[in-house]
Amino acid sequence: MMLKGRESLIRLIGRRRRFLRCRSLITTSVPQIGSKEDKDEVSTESGNGDEVWVDCPVCGKKVRGEEPVINSHLDKCLARGTKRKLSQCTLFQLKFCTRPKVTASSIESDLTRTEFSSSANDHNIYDLASEMRNSDGSNNKDESSSSSVSLTLTTSTCNIFTRNRVNRVENLDGLLEFDDERKLLSGEKSMQIVGLEGFPQHQISDDRIDNITSSPLSLSKNRTPTCVEPLEDDDNSKILLDTFIVGRKFADDTELIIGAMVMLSRDFENVKDSNAIKVLTKDTGHSKELGFIPRELAQYVSPLIDNFQLRFEGHITSIPQHPHAVVPIQIYSSGIASFGEKDSSSLQEFNSFRINAVCAAEFSKTHPPISAKYQQNLLLLLKEVLKINAHLFTEGEKTLLQAFLSLSDDSQRLFARLYARKEAECVTLFKSIDKLQIGDLKEVLDVLNVGELRDLLCSLNKSHKKIVQNSDHGTRKQDYVARVLGAYGSGLCPNLPSMILGKTGSCIRISASAESVFWRAERLFFLNGEQDLSAFLLVDLGIVKYPAYNCIFTDQIFPDRSDLLSYEEAIEVAQVMDESLDENNNELVSRCVEISASHVSSFVEEDISSHFGSMAAFLSCFSASWVYSKVILLGVSFLEHERRYKDAIDLLKLLLLKFKSDRRRGYWTLRLSIDLEHVGCLDESLEVAEKGLLDSWVRAGSIVALQRRVLRLGKPPRRWKTPSFSNSVNRKIVEVHVQGRPVNCKTGVKNVFYGEDGERCGVEELALEYYAGEGGFWQGVHTESGIWLTIFGLLMWDIIFADVPNVFRTKFQTAPLDLETDSFYEVRRGLVESLLDKIEHGMAEELLIMSWESHVGTACRGVKWDKHSLSELRAAVTCIGGPCLASICRNLAQDYRSWSSGMPDLLLWRFHDDYRGEAKLVEVKGPRDRLSEQQRAWLLFLMDCGFNVEVCKVSHAPV
């Protein structure tokens, strides 16, 4: 069931759920249940009950086979998985947009700050040589081309961040450097270690780790690129570079030979990297592609090839053991640079690119590329978390995290060391796969890829054809796993465990305690439940581009460990609540609400004010009390759905009593008044509504809803005096009526009509057709809030990302933490009013164009680059006019949370002579729809601003 507050709770919990350790506390009076996946598996395999479970085609999870449940789950999965295709450089080569020009005057210059991005101007030459001479190893960028990034987690460290905690260990024997470790593995533990194929041999040295921390992603160092000093004119025909071939896994399958000749070729069709350079075999016949040179070197070599017609060739200097590992090569220029008219500027440019190329190659000698990009991102995450939040970890937890930072990128060596040292007892080795339960066997199978599972099934098919063929068909990984488990469960494949072991090799399971530590580190890094290590990958692949801003830290979000542990415990309760709703476990839902109410009852509001000081408005969401309030609100919706209004009233009164300064008070007050009416307490319901109108935290649609309740309930003899807001809230909104031919007339089904062209369309498209014709020849778009939030984001860009302390805590933010609080406007009041003055005086279109051209494609809260073109936005701001547009922007700046939804469906405009225009806003309603209170609040506000607004009611044409 989809209840009020459910979606925001899901976003809070996140996609990657935490291993639950608090279920035993919650289920004291009910049977203990495991994770959702475990329960789903039991339900499907045990055969108990009549429920049918199916696999979700989006996320792969099992859901009950009821149509409403499936549809609701699919809606959430599809909404959560939508990604805009944007463009950006590789993660360790960040060149975002230029630094925001607007800075808050109230910010002190001595605050700790970090600039996340360098200049986006591609003509500026990065001072790599100067940085290398003066750095402590602070210029590490991603070495490989974007094509070398795998969407699958292939190293053991990656799998820590998945529900599956089993990891493959290949070539474990012989990796230990210490005698006691070898003795522990080979003797005392009596483990059988099976060696498989090799693994990349390149290691991350300690200075490499330090270098990762001071990369452009680092939160601890300000990097400002400058131009390199040009060299004197000398023999420019001799450029010798030692580098590597990267991206081998996507290259042609070619046998490598030491000393084999290679040559470089520009890859102009590479959409991920305009500077990409391929490495080809230098054959007399057909040249084969071996891979690419590292991206940080290609950015300097490509101009030498393109602008100065240099040719590069070279040879392979050594062969790695792993087929996909980086290959060391030496390349040199084989021609004379062409300058055309030899002027000083072109010579200076040539020398700058040349010296930067040499320095990039020299730098890579001590900091070679590594093939495990996910591991590189993981190291960065851990380093930053330990640097900023070390006080939140115990010594044992810090030892575990430091173990990952101090060892090589060889995942086998890493887990062998961890097992030998018993670091927080974080890993265990499987002795024999024959003794595993079917649940454990499923985890082992999950470490295999689709190709390996397919090969395993082919082997089974030869000896047990009937068993395998009778299994369900499918080409997804979970389908193959299910078929293997089906064959194992039949008992007719006794040699199946050994066959699986032959594919996986020795396996290590990450303990629940270790997974909890990494979950904590990930949560502290991203500060939300929606992002994980895949956020790095989206940047690496150029899918998402984050804006440029500075991180300025003056306070900790969690001052001590107890605050963090309380917050995590609340998150776990919220997770149990969400899973219990999915499972229709009403008893467990009630238990979660009871626990949350108990915690909130003992909470004193003054504690949060002293805890966060002036930042309480936007950092209170990281407190346990705030999370518990989310669970309680969801519990209120659940109780109202069950018609348990008295219990819901008690919870709402508790929320209003304990949270005196909260934007949700308007909704709580409204629900309390409605529920009191449900139980017949009309006088108390009216009194609650009247008090709510005096509450400064009641905003937007909640005010209109409470006003209308007061007018309805406050009639004589309860109230004899008419409220002063009566005329305002009862204003008549212009209505127009449009008739259309319906496709269906069923109640509860979305209204669908036939358009003028005979195609099916919704009520909004039908209304657009009406306004484009007999309705006044208007142009327009069906936008709702989208176009307004896009315009607001573009016009306010430099203010949104201005230098304000503590509002930017991670580089993966699309808005400051205080955007939806009063703090946003209060801290930036001078900047906002100055900009609104420009908008009011007709500069909106100019500001819009400048912002669009500077930031196009960059992710920002509310801005939808793919939904609205620049021409549509320009037409909108021109026809709306400066005063009206300034009023909307001020409203959003002062209260973004309350006013960012409920805007009219249609924005219409039409031009007159001399580039003058007019606009109209229209809310469209179907035959059985009516205005919500939030929509009514927007229409009344727009009327006050001078807008032309209408309500278009679409009805069925008479037969």
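The values are calculated or read from the model by the stated rules, or taken from the named source; none is laboratory data. Note that this is a predicted model, so its numbers are computed, not measured. Using ideal geometry, Cβ is built from the backbone for each residue, glycine included, and neighbour counts are taken over all protein chains shown. Remember, those area values only see protein heavy atoms, side chains included, never the ligands or the DNA or RNA. Shrake-Rupley method; radii C 1.70, N 1.55, O 1.52, S 1.80 Å.
Structure notes:
- For the stretch 785-899, the solvent-accessible area works out to 32 Å² per residue, with a probe of 1.4 Å and every protein chain left in place.
- With Cα atoms defining each centre, the stretch 907-921 and the stretch 510-527 are spaced 54 Å apart in the structure.
- Share of carbon and sulfur in the accessible heavy-atom surface of the stretch 758-805 [1.4 Å probe, %]: 45 percent
- At q = 0.14, 0.16, 0.22 Å⁻¹ the log10 of I(q)/I(0) for the stretch 855-959 amounts to -0.67, -0.85, -1.34, computed by Debye summation with a single uniform scatterer per C-alpha, solvent ignored.
- Probe 1.4 Å, all protein chains present, accessible-area order of Cys681, Cys359, largest first: Cys681, Cys359
- Per-residue SASA remark: Asp283, around 80 Å² accessible (1.4 Å probe; ligands, DNA and RNA not included).
- When both the stretch 779-843 and the stretch 623-656 are represented by their alpha-carbon centers, they are found 32 Å apart.
- Heavy-atom accessible surface of the stretch 238-322, averaged per residue, reaches 48 Å², computed with a 1.4 Å probe.
- Carbon + sulfur, % of accessible area of the stretch 834-880 - ligands and nucleic acids excluded, 1.4 Å: 48 percent
- Other-chain or far-sequence residues with amide H under 5 Å of Cys507's (modelled H): Val169, Phe430
- In terms of distances greater than 29 angstrom between alpha carbons, the cross-link table entries Lys691/Lys838; Lys4/Lys953; Lys398/Lys545; Lys61/Lys387; Lys838/Lys864; Lys691/Lys750 yield Lys691/Lys838; Lys398/Lys545; Lys61/Lys387; Lys691/Lys750.
- From most to least packed by mean Cβ count within 10 Å, the peptides 947-955, 691-699, 805-813 give 805-813, 947-955, 691-699.
- Sorting Lys62, Lys920 by accessible area puts them as Lys62, Lys920; the probe is 1.4 Å, largest comes first, and only protein heavy atoms count.
- With a cut-off of 13 Å between beta carbons, the residues surrounding Ser728 carry a summed charge of +3, where Lys and Arg count +1 and Asp and Glu -1.
- Listed cross-link partners Lys867/Lys925; Lys630/Lys658; Lys62/Lys503 are compared with a 20 Å cut-off, the Cα-Cα value being larger for Lys867/Lys925; Lys62/Lys503.
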